[in-house]
1. Output the number of residues of segment 24-53 satisfying the condition of being modelled with pLDDT of 90 or more and touching a helix residue (DSSP H, G or I) at 6+ places or on another chain (Cβ under 8 Å).
2. Output the residues belonging to segment 192-219 that are under 30 Å from residue 42 (Cβ atoms) and either at pLDDT below 85 or loosely packed, with under 15 Cβ neighbours inside 10 Å (or both).
3. Return yes or no: is residue 270 over 21 Å from the mean Cα position of the chain (by Cα) and within 22 Å of residue 101 (Cα to Cα)?
4. If I ask for residues that are in a loop (DSSP other than H, G, I, E, B) and farther than 27 Å from residue 232 by Cβ, which ones from segment 87-103 would you list?
5. Does residue 148 satisfy the condition of being farther than 29 Å from residue 48 by Cα, within 27 Å of the chain's Cα centre (by Cα) and modelled with pLDDT under 90?
6. How about segment 30-47: which of its residues are within 15 Å of residue 110 (Cβ to Cβ) and free of Cβ contacts under 8 Å to residues at least 60 places away in the same chain?
7. Examine segment 111-122 for a residue that is within 19 Å of residue 239 (Cβ to Cβ), out of contact with any strand residue (DSSP E or B) (no Cβ under 6 Å at 6 or more places or on another chain) and not in a helix (DSSP H, G or I), and state whether such a residue exists.
8. Test residue 76 against the stated conditions and say whether it is farther than 13 Å from residue 96 by Cα, surrounded by 12 or more Cβ atoms within 10 Å (Cβ to Cβ) and in contact with a strand residue (DSSP E or B) (Cβ under 6 Å, 6 or more places away or on another chain).
């Protein structure tokens, strides 16, 4: 009986003293940053609003209420209800357009980050495992792209392809590509000389297995952080192209396009410019805060 009790006590003590799992350890570091938690809450809220935009939006985002042009925030109309954030110069409800614009901005961010991340990982792995002529050509092409101002390069690409939301997404993805390629190549070069990679190669692992299964998973933490920060850059660049008239075309409810159409009414109706600008500001800031928190939690050098 005594030995059985000692065994149970040892087991219980072992369970209590067991190290936390990977997710629990990550959350412990991540939750130490209040800014990262605030950013996560804001992003989850924006995603919820974007998904259920058709239900949450009080009005049709492209419907024009001709008898309520430039209505002030919280102005009530007997036939159309209350316009919480007012209307624009065409009588469209700003709150509804912002809500549907959140769906468009989140979609743009997801598509841009996915395209840039997948293509960047592919080119980065090739440049890392073939550091000869092929790797040099890839990296010199990325250096040339980085030598040009990002927004200028995006404008040139859209000007060649034609102004549209699809072409704007492609342009922003191309602009973001060099960052993922350089980061992937640097991580691959750092991992290639480690013992576990050499052991896998000696054990007969093929090149594709080494690249995708052995090395790539250990290169993902910095790429995840870059993707989070790149999300905010994608939203900002897409809004900039929309502001210049090269992105989403009217009457599509897009934050940058809303700013562009409202510039002439800055002094007459402050709300038509303020609220779209705040939406961009809050979204970009939230993703930057989340990216900083992920970097602190995933980078062993920054863990306290």
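The values are calculated or read from the model by the stated rules, or taken from the named source; none is laboratory data. Every value quoted in this text rests on a predicted model; they were computed, and no experiment measured them. We place every Cβ from the backbone using ideal geometry, glycine too, and count neighbours over all the protein chains shown.
1. 12
2. Of everything in segment 192-219, just one residue is under 30 Å from residue 42 (Cβ atoms) and either at pLDDT below 85 or loosely packed, with under 15 Cβ neighbours inside 10 Å (or both), namely 217.
3. Yes; evaluated as a whole, the condition is true for this residue.
4. Scanning segment 87-103 gives 89, 90, 91.
5. In short, yes.
6. 44, 47
7. Within segment 111-122, not a single residue is within 19 Å of residue 239 (Cβ to Cβ), out of contact with any strand residue (DSSP E or B) (no Cβ under 6 Å at 6 or more places or on another chain) and not in a helix (DSSP H, G or I).
8. Here the answer is no, as residue 76 does not meet what is asked.
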